[in-house]
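The values are calculated or read from the model by the stated rules, or taken from the named source; none is laboratory data. The shown structure was predicted, so the numbers you read here are calculated from the model rather than taken from an experiment. Here the Cβ is made from the backbone with ideal geometry for all residues, glycine too, and neighbour counts use every protein chain on show. Accessible surface areas use protein heavy atoms only, side chains included; no ligands, DNA or RNA. Shrake-Rupley method; radii C 1.70, N 1.55, O 1.52, S 1.80 Å.
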Amino acid sequence: MNATMTKSTISISQFPLFDCLNEEEKRHLEEMVEFKVKPKFSYIFLPDEPSEHIYFLSKGMVKIATHSDEGKEVIKCIIQPLAMFGELGIIGERKRQDLAQSLREEVHIFSLRVENLKKLMRSNFQLCDKVMSLFGNRLMRAENKLESLIFKDARTRIIEFIKDSVLRTGRKIGFEMLLKHSLTHQDIANITCTSRQTVTLVLNELRKSDLIYFNRGKILVRDMAKLA
């Protein structure tokens, strides 16, 4: 792994995806990856760039997004620490269709060539199975999002985004749940395919009803069961 002034708090072999590797495979993996630090709001990759590398996030948050013909940004997902992203090269993507950008803090990432991960997958069936499961889970989330866009109104989509985010990455504080994030109201709008004004209106309405409290970078859900 390349030397750098900043070191990751964890190694690539400590990512849950790789817990099926033996010690020799882990050492080989460590030799193949490159550790990088990217400043806040910087691009990890852009559309039309070659899909030659896969990335693993160890610190910070990254958004995966695309733009419509009119220039409107749509955020497909938010990548949390210990997750893989930019993986479509595994299944044949030649050039990037999306962009990946860090949010309001610097990010620490590991970069691994697609071909090197494929070699590991060919020699370790469990790793291959785990990678394919990740693709399956992301496909199901994409289908759920499409159904939400078709059948649910803007308010419901915003509330469901909050609840899903809290359940995945929130922290329990007494009877309440605290979500720390790096998203602006515009980011939430781009994720839920609504407008910034609608997001602000819904959040203010939920706060007035004492269902949530929020400020910059934090959302506190008073009672998950009542949030609807």
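A 1.4 Å probe run over the protein chains yields, for the chain, 56 Å² of accessible area per residue, whole-number rounding. Scalar couplings 3J(HN,Hα) for segment 154-160, obtained by applying the Karplus form with A = 6.51, B = -1.76, C = 1.60 to θ = phi - 60°, are 4, 4, 5, 5, 5, 5, 5 Hz; x denotes Gly and Pro.
With the simple spin-label model, which puts each label point 7 Å out from Cα in the Cβ direction, the residue 28 to residue 200 separation comes to 5.5 nm.
Apolar share of the accessible surface for segment 149-210: 56 percent from carbon plus sulfur atoms, 1.4 Å probe.
Measuring between alpha carbons in the structure, the pairs from 180/208; 7/76; 59/95; 172/208; 163/208; 38/119 lying more than 24 angstrom apart are 7/76; 59/95; 38/119.
Placing a label point 7 Å from the Cα of residue 148 along the Cα-to-Cβ direction, the residues of segment 74-92 whose backbone N falls under 16 Å from that point are 74-80.
Rounded to the nearest whole Hz, the Karplus-based 3J(HN,Hα) values (6.51 cos²θ - 1.76 cosθ + 1.60, θ = phi - 60°) of segment 14-25 follow the sequence 8, 5, x, 4, 9, 6, 8, 7, 7, 4, 5, 5, with x at glycine and proline. Label zone of residue 129 (point 7 Å out along Cα→Cβ, amide N under 13 Å): in segment 16-32 this covers 20-21. Relative contact order for the chain: 18 percent, from Cα pairs under 8 Å spaced at least 6 residues apart, divided by residue count. Residues whose amide H falls under 5 Å from that of residue 83, counting only those 5 or more places apart or on a different chain, are 57, with hydrogens built in the peptide plane. Protection proxy ranking, highest mean first, for peptides 188-194, 118-124: 188-194, 118-124, where packing is the per-residue count of other beta-carbon atoms within 10 Å, averaged. Applying the Kirkwood pairwise sum to the alpha-carbon positions of segment 97-228 produces a hydrodynamic radius of 17.2 angstrom.
With the convex hull drawn over the C-alpha atoms of the chain, the volume per residue is 142 Å³. Under a model in which nothing but the beta-carbon of Lys, Arg (+1) and Asp, Glu (-1) is charged, the chain shows a dipole of about 720 debye around its Cα centre.
Taking packing as the residue-averaged number of other Cβ atoms within 10 angstrom, the listed peptides 49-62, 94-107 run from highest to lowest as 49-62, 94-107.
At what distance in angstrom do the alpha carbon centres of segment 172-222 and segment 123-156 lie from each other? Comparing the Cα centres of segment 172-222 and segment 123-156, I get a distance of 23 Å. When you count the other C-beta atoms within 10 angstrom of each residue and take the mean per peptide, 30-37, 171-178 line up highest first as 30-37, 171-178.
Using the alpha carbons alone, the radius of gyration of segment 53-115 stands to its Kirkwood radius in an Rg to Rh ratio of 0.98. The largest accessible area among 160, 70 belongs to the first residue in 70, 160, and the rest follow in falling order (1.4 Å probe, all chains). Surface composition of segment 30-105: carbon and sulfur atoms hold 49% of the protein heavy-atom accessible area at a 1.4 Å probe. The coefficient of translational diffusion for segment 123-181, derived via Stokes-Einstein from the alpha carbon Kirkwood radius under 20 °C and 1.002 mPa s, stands at 155 µm²/s. For the pair residue 216 and residue 115, label points projected 7 Å from Cα toward Cβ lie 4.6 nm apart.
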